[in-house]
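Written out below as structure tokens is the structure these notes cover.
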Amino acid sequence: MVEPLIQARRADPALIDAFVRQGAHPLMARLWAARGLDGPAALATGWGAMIPPARLTHARRAAELLAEAITRRDRILIVADYDCDGATACAVAMRGLSAMGAHVDFLVPNRFETGYGLSPAVVDLACAHPGGKPDLLVTVDNGIASLDGVAAARAAGMEVIVTDHHLPGEALPEALAIVNPNQSGCDFPSKHLAGVGVVFYVLLALRAVLRERGILAADAGPRLEQLADLLALGTVADVVRLDANNRLLVSQGLKRIRDGRMQAGIRALFAVSGREARKATAQDLGFFLGPRINAAGRLADMSLGIRCLLEDDEGRAMDLARELEDMNSRRRELESAMREQAIASIDAEAQARAASVCVYQQGWHQGVIGLVASRLKETYGRPALAFAPAGGDELRGSGRSIPEVHLRDALDLVSKRLPQAIVKFGGHAMAAGLTLRAGAYPDFIEHFDQAVRLLSGREAFEPRIDTDGSLESGYLNAEIAGMLQTQVWGAGFPAPVFHDTFRVVHQRLLKDKHLKLYLERGAQRIDAIWFNRNVPLPEHIEAAYRLDRNEWGGRVDAQLLIEHARGA
């Protein structure tokens, strides 16, 4: 395996000084400056600092249409997506619209039967919905690419409102309204809203319209901030960039969770995942709750995850969360086996010359290939795609990318250079999916690698770990670890990773797969752990690590979570 390049982020000293003069802790000032923050406004977490709904193109139009549908008592059907963002977006839409008097239900596609988004097959299911044929379909976290589906819905006598955040193609569906910060002509300052964020904004606009029309009294209506826990979960789980507006939304959700003011399903998910809600972090949402919701969409039917998020009875919510926990355990087993098969199948010599990674095996599970692609991207430090059989003469692919390569643009380039090979594709810069004709797979690998080289201007990539340099010795303690945990870290605003040299005083294996370490730096000694590493280290190492709190037997100590280490 190629050793990763360990590279320190740069921080403007003048910016660090400015943050310190404004009262920031010196370490936080350094971390904020290294992440490009330019002042206190970027750190605001109060609702008053949120970008107003009026800035989101067509949110007002969608709100007016929804207000009219509510007044007429039209049947509204939410068409969701089968990932955590789609599930939380559906739960937010259901809870918000119901509270404003809508006659509303939901439908979520099955990835193995009807595919992604509002397809004609999903329209057929909508027409046969047990609650009666809907008058209005509202997509959440999908729909921007559903040209045929929207046309089919309208032909069947149903109108459509699209709420989405994925990048649009050359043509847009003929919906009554399209709310998407990434559509042409939308000047919404944050292009990184998740699908749940988009529909939350539409609900804010709808409440304002209902107040203006006298349907709701001024300042009356549902307290939509009560949905912030769902909003935070979907935003973090979809790995969208945590810009200032998204950090605000996630901060509000985490505050509610820590205060115990959360949906019953969120509380149950914390319980089954063994996490403490009163100490909730963005990492809990992304690495513990999100995967349990996603497991339903990956292995079965996302309606289970949505029902968990909609359930108000604590007991029933816990039963649903336990089902999700069982699914997630099966997902982990599948993912582990597929990841090992993928790495074993890669020709090391050929991969050393490539700018991308593509893998496929006949027996793989469609619902888990995105996770395999993510692991390969992390391992090789380059864009990765994993494929599984999709029935007939087609393969289903899922990809993850690196900052240097816009994945959807790469697929778009391949589709133009290799006509008829890609049946359909969609996504955004860092993640995308596609359906590929099986016979085109060998040619696709070659053309995708060429597209990656062309778009990045590079012939190869090496794994890279970005760090925040050395951690001052006085900060290597549990108090600083706790301070770091209170911040909202995530995509585009990465959690701090530090880089220092240590002496290995003692090391042993835990459960035959995790390396437990006792390290020394100067006069300091500290515990550390390197998960999924079973090879001993030399006595002197340089390590990239995260600072964490370890609570055990009533004691709270600092420990290091090793990201990578090698001989010093």
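Looking across region 48-86 at every residue that is within 22 Å of the chain's Cα centre (by Cα) and assigned to a helix (DSSP H, G or I), the one that is surrounded by the fewest Cβ atoms within 10 Å (Cβ to Cβ) is identified as Asp85.
Given the structure, is Ser356 touching an Asp or Glu at 6+ places or on another chain (Cβ under 7 Å) and of a type in the set (Ser, Thr, Tyr)? Quick ask: steps written out before the conclusion?
Numbers: touching an Asp or Glu at 6+ places or on another chain (Cβ under 7 Å): yes; of a type in the set (Ser, Thr, Tyr): yes.
Spelling it out, Ser356 is indeed touching an Asp or Glu at 6+ places or on another chain (Cβ under 7 Å) and of a type in the set (Ser, Thr, Tyr).
If you check Ala354 against the conditions, is it surrounded by fewer than 16 Cβ atoms within 10 Å (Cβ to Cβ), over 19 Å from Ala237 (Cα atoms) and assigned by TED's automatic domain parsing to the domain that holds Ile402? No: the conditions fail for Ala354.
For Asp105, state whether it is outside the structural domain of Ser146 (by TED's automatic domain parsing), surrounded by fewer than 22 Cβ atoms within 10 Å (Cβ to Cβ) and acidic (Asp, Glu).
Values: outside the structural domain of Ser146 (by TED's automatic domain parsing): no; surrounded by fewer than 22 Cβ atoms within 10 Å (Cβ to Cβ): yes; acidic (Asp, Glu): yes.
Against the criterion (outside the structural domain of Ser146 (by TED's automatic domain parsing), surrounded by fewer than 22 Cβ atoms within 10 Å (Cβ to Cβ) and acidic (Asp, Glu)), Asp105 does not qualify.
For Leu471, the conditions (1) free of Cβ contacts under 8 Å to residues at least 60 places away in the same chain; (2) of a type outside the set (Asp, Glu); (3) under 30 Å from Met28 (Cβ atoms) all hold with the exception of (1). Residue count for region 6-44 under the criterion of being assigned to a helix (DSSP H, G or I), of a type in the set (Val, Ile, Thr) and surrounded by 18 or more Cβ atoms within 10 Å (Cβ to Cβ): the result is 1.
For the structure I just gave you, tell me whether Ala528 is of a type outside the set (S, T, N, Q) and part of a helix (DSSP H, G or I). Answer is no for this residue.
Taking the stated definitions as given, is His58 closer than 30 Å to Leu324 by Cβ and either β-branched (Val, Ile, Thr) or not assigned by TED's automatic domain parsing to the domain that holds Ala491 (or both)? Here the answer is no, as His58 does not meet what is asked.
Identify, from the list Arg292, Arg278, Arg298, Arg307, the residue that is surrounded by fewer than 18 Cβ atoms within 10 Å (Cβ to Cβ) and assigned to a helix (DSSP H, G or I). Just one listed residue meets the conditions, Arg278. Of everything listed in (1) surrounded by fewer than 17 Cβ atoms within 10 Å (Cβ to Cβ); (2) assigned by TED's automatic domain parsing to the domain that holds Ala87; (3) not hydrophobic (A, V, I, L, M, F, W, C), the single unmet condition for Glu340 is (2). When region 8-46 is filtered for residues that are within 15 Å of Val488 (Cβ to Cβ) and of a type in the set (Phe, Trp, Tyr), only Trp32 remains.
Just to be sure before I move on: is Pro383 surrounded by fewer than 20 Cβ atoms within 10 Å (Cβ to Cβ) and of a type outside the set (S, T, N, Q) in the structure I sent? Show your work before the answer.
Values: surrounded by fewer than 20 Cβ atoms within 10 Å (Cβ to Cβ): no; of a type outside the set (S, T, N, Q): yes.
Taking the combined requirement at face value, the residue does not satisfy it.
Glu3 fulfils the conditions (1) outside the structural domain of Val138 (by TED's automatic domain parsing); (2) within 20 Å of Val240 (Cβ to Cβ); (3) touching a residue at least 24 places away in the same chain (Cβ under 8 Å); (4) in a loop (DSSP other than H, G, I, E, B) except for a single criterion, (2). Are any of the residues in region 474-486 β-branched (Val, Ile, Thr), buried (at least 16 other Cβ atoms within 10 Å of the Cβ) and in a helix (DSSP H, G or I)? For region 474-486, residues β-branched (Val, Ile, Thr), buried (at least 16 other Cβ atoms within 10 Å of the Cβ) and in a helix (DSSP H, G or I): present.
Residue pairs whose Cβ atoms lie under 9 Å apart, separated by 6 or more positions or on different chains, with the first residue in region 12-29 and under 22 Å from Gly482 (Cβ atoms) and not assigned by TED's automatic domain parsing to the domain that holds Leu471 and the second of a type in the set (Asp, Glu) and in a helix (DSSP H, G or I), are Ala29/Asp17. Where in region 103-192 are the strands (runs of 3 or more DSSP E), entirely inside, with at least 1 residues that are under 14 Å from Asp81 (Cα atoms)? Qualifying strands (runs of 3 or more DSSP E): 103-107, 136-140, 159-163.
Consider region 207-229 and keep the residues that are in a loop (DSSP other than H, G, I, E, B) and basic (Lys, Arg). The one that is surrounded by the most Cβ atoms within 10 Å (Cβ to Cβ) is Arg213.
Specify the residue that is farthest from His192 (Cα to Cα); the eligible residues are those in region 389-425 that are small (Gly, Ala, Ser) and surrounded by fewer than 21 Cβ atoms within 10 Å (Cβ to Cβ).
Restricting to residues being small (Gly, Ala, Ser) and surrounded by fewer than 21 Cβ atoms within 10 Å (Cβ to Cβ), the top hit is Gly392.
Of the residues Ala228, Ala218, Ala208, only one is more than 30 Å from Glu276 (Cα to Cα), modelled with pLDDT of 95 or more, out of contact with any strand residue (DSSP E or B) (no Cβ under 7 Å at 6 or more places or on another chain) and outside the structural domain of Ser374 (by TED's automatic domain parsing); which? Even if it seems obvious, please write down each step before you answer.
On the way: Ala228 fails: more than 30 Å from Glu276 (Cα to Cα); Ala218 fails: modelled with pLDDT of 95 or more.
Just a single option satisfies the conditions, and that option is Ala208.
Taking first residues from region 357-382 that are touching a residue at least 24 places away in the same chain (Cβ under 8 Å) and within 17 Å of Phe112 (Cβ to Cβ) and partners that are among the charged types (D, E, K, R) and not in a helix (DSSP H, G or I), the Cβ contacts under 8 Å between residues at least 6 apart in sequence or on separate chains come to Gln366/Arg111; Gln366/Arg396; Gly367/Arg111; Ile369/Arg396; Gly370/Arg400. Hey, can you tell me all the residues within region 488-521 that are among the hydrophobic types (A, V, I, L, M, F, W, C) and more than 28 Å from Asp238 (Cβ to Cβ)? Within region 488-521, Phe502, Val504, Val505, Leu509, Leu510, Leu515, Leu517, Leu519 qualify.
The values are calculated or read from the model by the stated rules, or taken from the named source; none is laboratory data. All values reported here derive from a predicted model rather than from experimental measurement. Counting neighbours? That spans all protein chains shown, and the Cβs are built from the backbone with ideal geometry, glycine included.
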